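Heads up: the structure comes next, in structure tokens.
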Amino acid sequence: MAIRHFLSTQDWSRTELDALLARAAQFKKEKLGDELKGKAVALLFFNPSMRTRTSFELGAFQLGGHAVVLQPGKDAWPIEFDAGTVMDGEAEEHIAEVARVLSRYADLIGVRAFPKFKDWAVDREDRVIHSFAKYATVPVINMETITHPMQELAHILALQQHFGTTDLRGKKYVLTWTYHPKPLNTAVANSALQIATRYGMDVTLLCPTPEYALDRRYLDFAKQNVAENGGGFAISHDPDAAYRGADVVYAKSWGALPYFGKWENEKPIRDAHKHFIVDERKMALTNHGVFSHCLPLRRNVKATDAVMDSPACIAIEEAENRLHVQKAVMAALARQ
Amino acid sequence: MAIRHFLSTQDWSRTELDALLARAAQFKKEKLGDELKGKAVALLFFNPSMRTRTSFELGAFQLGGHAVVLQPGKDAWPIEFDAGTVMDGEAEEHIAEVARVLSRYADLIGVRAFPKFKDWAVDREDRVIHSFAKYATVPVINMETITHPMQELAHILALQQHFGTTDLRGKKYVLTWTYHPKPLNTAVANSALQIATRYGMDVTLLCPTPEYALDRRYLDFAKQNVAENGGGFAISHDPDAAYRGADVVYAKSWGALPYFGKWENEKPIRDAHKHFIVDERKMALTNHGVFSHCLPLRRNVKATDAVMDSPACIAIEEAENRLHVQKAVMAALARQ
Amino acid sequence: MAIRHFLSTQDWSRTELDALLARAAQFKKEKLGDELKGKAVALLFFNPSMRTRTSFELGAFQLGGHAVVLQPGKDAWPIEFDAGTVMDGEAEEHIAEVARVLSRYADLIGVRAFPKFKDWAVDREDRVIHSFAKYATVPVINMETITHPMQELAHILALQQHFGTTDLRGKKYVLTWTYHPKPLNTAVANSALQIATRYGMDVTLLCPTPEYALDRRYLDFAKQNVAENGGGFAISHDPDAAYRGADVVYAKSWGALPYFGKWENEKPIRDAHKHFIVDERKMALTNHGVFSHCLPLRRNVKATDAVMDSPACIAIEEAENRLHVQKAVMAALARQ
């Protein structure tokens, strides 16, 4: 039987996602369990992490397991991902061996691998995690690559708990781009589009110019999700119009894909849209809207102190939920 | 109810400190317990560590808990500590979010954050740990900032065990500056002054010149402690006079505060006092005195091999005690 | 009573090694145990690691213990190994204190310390691990220095399981040098010689020129082992002759000792022997031979994809065995 990985929420049915969220809500009430008793999780970080690493490591512990944290290229050997190459460069070993060996040691493998930010045509293939999934003989979990499915689940759980219902259909949901001095990963933006449409919300992608619209793959997922689950999907470049009447404002900064790897050309556009910051004036246009962000967040750049410290902000709740949803996912995958 | 942190021994009563030391002495005999069963400790290291990290991590394990070790700016995101700033520099997130999120994952937070060594007026505010204490919703433990309270407890426990009594009143205690090629943190020196006077010892601060006297705050604590607990406090620049008749010699190197951030001007004074090294000749002047140091220690720079390898040296015992006192502190704080 | 360390398989009798391998084979069937319940292992990595770190950390967990991973000079203080020096250089503390303090916290200490690659006369003394063994008051385990005993045990277990017998006497065993762009450690080559002769195999050391023969110490061990256990030992520079009829091909790259620290002079010889790569043509000369490597391995440099992905390759099995043999070793040492 094929191994079931957790690479994208799009690979999991709504019924399955609902069951994971329900289990996560239970873990939020009763944190200890034995679902991973004596089991091991290997967490590979190709990029920094605070929440992800802490919540996976503690989640494994709380379920009786143990997580090993590896940073390839820093405390472990650099890895080759191309097949068939003559490995005479920097990489000391091939993903085939890394994934197969870790599968002998661990029951689950988590992978964080951001884009290289040089060529989106390459990065959009998400080669690192797909290579792990190809060679591993245990389930692989996406800890953020070009999507961030664990954040998606944590986000939906936070919204369900905020609104006091698991049914989010018809909520007016704004995913707003915000300024950040550097061009960032589109992962959480892609993920927000996917999961908000998956749960039947009426989604607006608010961004400075059409160039900030996301990769076609995720726009297509959004449209497909709308077709299957109701709700809506539109792109807007008008902050006031987008915020007006919103039930949910989710913020994220990302780099415009047409400028991928040529970021100096994007800088003037980016710099001209600092006013996309989430502030009290815009939030006042919403329908007593709730605000969230995946964190880390630069205060007074992406959102003002006033918004971050307001009761409308559920970013801390969403961050906490990472722990609960990841335990649900690990427990489900380890059961296979 | 306000959360009780462990930022300084000065915030804890002698009765409370005595209870912690008694509990630590018990842990030294019986290492395993369940005081942290299923609980989590987040340890944040802004600076390197060997003893602190090992002893906290193993202490949590021995009590049934789990410690997550984070190094912000290395494997986690760099953090902003100023309130109200526009975060367009290096920091990717604000302490408000870091402390709040970690409080959702962990039951205790330990913080190591040395001074920046540029401006003592800034460093003396000890902003990093106070920011954690401000925003965290779980207890915060000082793992060395500008004081080192865990070392204080380990030191006192080592002295109590060496002298075979918990009553250290009246012991002649010399805190001696020693040479080190670099200007070091005053934390352990501040701490030694605080705790030695707290336990009623007759304390001499031996240092090359008046410029090496410590920050007024700690001199004032020492005087206040003497007023409350008996004993004494004096400053000396004469090694032989200070060592003569001493029961305890505690060594540490530190940078002179008037030269803080302008270290090239301090170098000639520092270099002229290499003879402050703890050696057998000076130890022979003491009252069969015991020697200790917080470690790490440069042999034959701060103390000679002969002193380090003599029965009078209890530095290893003191280092071991870190484990025991930290377990007592974690157990006490997690009970809240 | 003297502490028993695990620095080299040569320090352990065949009966003892056989018992460790038998215990490892049991752990392979039943992974959980309580041999390290409440116990601690300190793992010190002076060099990167993936398999070693993961397998030791998880092995400790599976037996009820906990491993602390330290990287001196990175997240812990740099260490001085010379005795009697005036420590006014980079090192902040002496091995005497490091080993003694860690012995107070942990029940076992693992050390990985590769050569410095400047002067073999210095590196061959293996000073780092011998210093740990000298000062530690708990058992020390070699996690690869100038030999790699844990790999030896994993290798033998893999061969025993491949051949379906614990008796490997008389097997024709080829240890082949392979090309690698950098001069590597001789540790695994030294180890392969030691353990293959120890188990009575008929060993050929295949290398480009006589300059690639290993250090006299290991050649002497091989000869002594042959004298005691039967089998044979020869050096060859002819790949086809060496492969012909082989039962086992074990590959490793290493730097030629006469060029140690003057690697630019070795480069032309190294570059002229890329054809030592393990490929299907050479493997076809063997007696349906099995192939292995300690990993990490550069594909299509040390061995071809075809060999690595063939059923003859047991490198993944050998890597898995690291977990099992290390648990056997830790359990045996912790029992002392």
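The numbers here are math on the coordinates, done by the rules we state, and not lab data. Just so it is clear, the model here is predicted, and its values are computed rather than measured. Positions of Cβ are backbone-derived with ideal geometry, glycine not excepted, and every protein chain shown enters the neighbour counts.
May I ask you to evaluate 6.51 cos²θ - 1.76 cosθ + 1.60, the Karplus curve with θ = phi - 60°, for each residue of the range C:34-45 and list the ³J(HN,Hα) values in order in whole Hz, giving x for glycine and proline?
3J(HN,Hα) across the range C:34-45, in whole Hz: 10, 4, 10, 3, x, 9, 10, 10, 9, 10, 9, 10.
How about A:Lys182: which aspartates and glutamates have a C-alpha closer than 13 Å to its C-alpha, ignoring those fewer than 8 places off in the same chain?
Leaving aside aspartates and glutamates fewer than 8 places away in the same chain, those within reach of A:Lys182 are A:Glu264, A:Glu266, A:Asp271, B:Asp88, B:Glu90, B:Glu92.
How large is ³J(HN,Hα), in whole Hz, for each residue of the range A:76-91 in order, when computed from phi with the Karplus curve 6.51 cos²θ - 1.76 cosθ + 1.60 and θ = phi - 60°, using x for Gly and Pro?
Those phi angles translate into 10, 6, x, 10, 8, 10, 6, 8, x, 7, 7, 7, 10, x, 7, 5 Hz.
According to the Kirkwood expression over distinct Cα-Cα pairs, how big is the hydrodynamic radius of the range B:1-55, in Å?
Details: mean 1/r = 0.0711 Å⁻¹.
For the range B:1-55, the Kirkwood estimate is 14.1 Å.
Need one number: the % of Cα-Cα pairs in the range C:156-218 sitting beyond the 13 Å mark. Spell out each step's value before the answer.
Values: 1281 of 1953 pairs.
The proportion of pairs with Cα distances above 13 Å equals 66 percent.
Out of residues 5 or more away from A:Val68 or on other chains, whose amide H comes under 5 Å of its own, with H placed 1.01 Å from N in the peptide plane?
When sequence neighbours closer than 5 places are left aside, the close amide H contacts are A:Val41, A:Ala42, A:Leu43.
Using Cα centres only, tell me the gap between the range A:1-35 and the range B:88-149 in whole Å.
The range A:1-35 and the range B:88-149 have Cα centres separated by 34 Å.
Using the reciprocal of the averaged 1/r over all distinct C-alpha pairs, how large is the Kirkwood radius of the range C:102-194 in Å? Working shown, then result.
Values: mean 1/r = 0.0653 Å⁻¹.
Over the range C:102-194, the inverse of the mean reciprocal pair distance is 15.3 Å.
Shortest first, in nm, what separates the label point of C:Lys182 from those of the same position in the other copies (7 Å along Cα→Cβ)?
Label-point separations across copies, in nm and ascending: 2.5, 2.5.
Compute a Gaussian network model of chain B, connecting alpha carbons closer than 10 Å, and tell me which residue from B:Ala187, B:Ala222, B:Ala272 fluctuates the most.
B:Ala272
With equal scatterers on the alpha carbons only and no solvent term, can you work out the Debye log10 of I(q)/I(0) for the protein assembly as shown at 0.09 1/Å?
-1.08
Give, as a single signed number, the net charge of other residues whose beta carbon lies under 10 Å from the beta carbon of C:Asp215, with Lys and Arg counted +1 and Asp and Glu -1. Please list the in-between numbers first.
Working: positive: C:Arg124, C:Arg216, C:Arg217; negative: C:Asp123, C:Asp220.
Net local charge, C:Asp215 excluded: +1.
Using just the helices of the protein assembly as shown, give the 222 nm mean residue ellipticity in deg cm²/dmol: DSSP H runs with n ≥ 4 each add -39,500 (n - 2.57), and the total is spread over all residues, rounded to 500. Intermediate results must be reported in sequence, preceding the final value.
Working: 39 runs with 406 residues, N = 1008.
Computed mean residue ellipticity for the protein assembly as shown: -12000 deg cm²/dmol.
Could you tell me the convex hull volume per residue, in Å³, taken over the Cα atoms of chain C? Please report the intermediate quantities before stating the final value.
Details: hull volume 44.4 nm³, N = 336.
Measuring per residue, one finds 132 Å³ for the Cα hull of chain C.
Defining the label point at 7 Å along Cα→Cβ, can you sort the distances from A:Gly261 to the same site in each other copy, shortest first, in nm?
Its label point is 4.4, 4.4 nm from the equivalent points in the other copies.
Sequence gap at least 6, Cα distance under 8 Å: using those rules, report the relative contact order of chain B to the nearest whole percent. Walk me through the intermediate numbers first.
On the way: 663 pairs, mean separation 68.9, N = 336.
About 21 percent, as a whole number.
Find how much the distance from C:Trp263 to C:Asp167 grows on full extension, using 0.36 nm per residue of separation minus their present alpha carbon separation; answer in nm with one decimal.
Values: separation 96, 0.36 × 96 = 34.56 nm, distance 4.02 nm.
Residue separation times 0.36 nm, minus the Cα-Cα distance, leaves 30.5 nm.
On a 29 Å Cα-Cα criterion, which of the cross-link pairs A:Lys172/A:Lys274; B:Lys28/B:Lys172; B:Lys171/B:Lys282; A:Lys134/C:Lys267; A:Lys31/A:Lys223; A:Lys74/B:Lys302 come out too long?
On the way: A:Lys172/A:Lys274 24 Å; B:Lys28/B:Lys172 27 Å; B:Lys171/B:Lys282 18 Å; A:Lys134/C:Lys267 36 Å; A:Lys31/A:Lys223 37 Å; A:Lys74/B:Lys302 33 Å.
Too far apart for the 29 Å limit: A:Lys134/C:Lys267; A:Lys31/A:Lys223; A:Lys74/B:Lys302.
Please arrange B:Val325, C:Val329 by how many other C-beta atoms lie within 10 Å of their C-beta, fewest to most.
Going from sparsest to densest Cβ surroundings: C:Val329, B:Val325.
With 10 angstrom as the radius, rank C:Glu97, C:Glu264, A:Glu280 by how many other C-beta atoms surround their C-beta, starting from the fewest.
Values: C:Glu97 25, C:Glu264 7, A:Glu280 12.
Fewest to most other Cβ atoms nearby, the residues stand as C:Glu264, A:Glu280, C:Glu97.
Which one, A:Gly230, C:Ala19, A:Ala312, projects farthest toward the positive side of the charge dipole computed for the protein assembly as shown from Cβ point charges (K/R +1, D/E -1)?
Ranked along the dipole, the leading option is C:Ala19.
For the residues B:Met50, A:Met308, what sequence is obtained by ranking on other C-beta atoms within 10 Å, fewest first? Working shown, then result.
Details: B:Met50 27, A:Met308 21.
Fewest to most other Cβ atoms nearby, the residues stand as A:Met308, B:Met50.
Mind listing the long-range amide H neighbours of B:Tyr179? Cut-off is under 5 Å, sequence gap 5 or more, other chains count too, H placed in the peptide plane at 1.01 Å from N.
Answer set, sorted by chain and number: B:Phe276, B:Ile277.
For the range B:151-318, what is Rg from Cα atoms divided by 2.2 N^0.38 Å, rounded to two decimals? Please report the intermediate quantities before stating the final value.
Working: Rg = 14.7 Å, N = 168, 2.2 N^0.38 = 15.4 Å.
Taking N as the residue count of the range B:151-318, the ratio is 0.95.
Considering chain B as a Gaussian network with a 10 Å cut-off on Cα pairs, which listed residue, B:Glu125, B:Glu57, B:Glu318, attains the greatest mean-square fluctuation?
B:Glu125
For the range A:4-91, what is the convex hull (Cα atoms) projected area averaged across all directions, in square nanometres?
On the way: hull surface 32.0 nm².
That works out to 8.0 nm².
What FRET efficiency comes out for the pair B:Thr15/B:Ala272, r = Cβ-Cβ distance, R0 = 60 Å, nearest 0.05? Mind dumping the intermediate values first?
Numbers: r = 45 Å, r/R0 = 0.74.
The computed FRET efficiency comes out at 0.85.
Going 7 Å from Cα along the Cα-Cβ axis for the label, what nanometre distances separate B:Val86 from the same residue across the other copies?
In ascending order, 5.4, 5.4 nm.
Which of the peptides B:144-155, C:151-162 is most tightly packed, and how do the rest follow, judged by the mean count of other Cβ atoms within 10 Å per residue?
On the way: B:144-155: 26.6, C:151-162: 24.1.
Result, highest mean Cβ count within 10 Å first: B:144-155, C:151-162.
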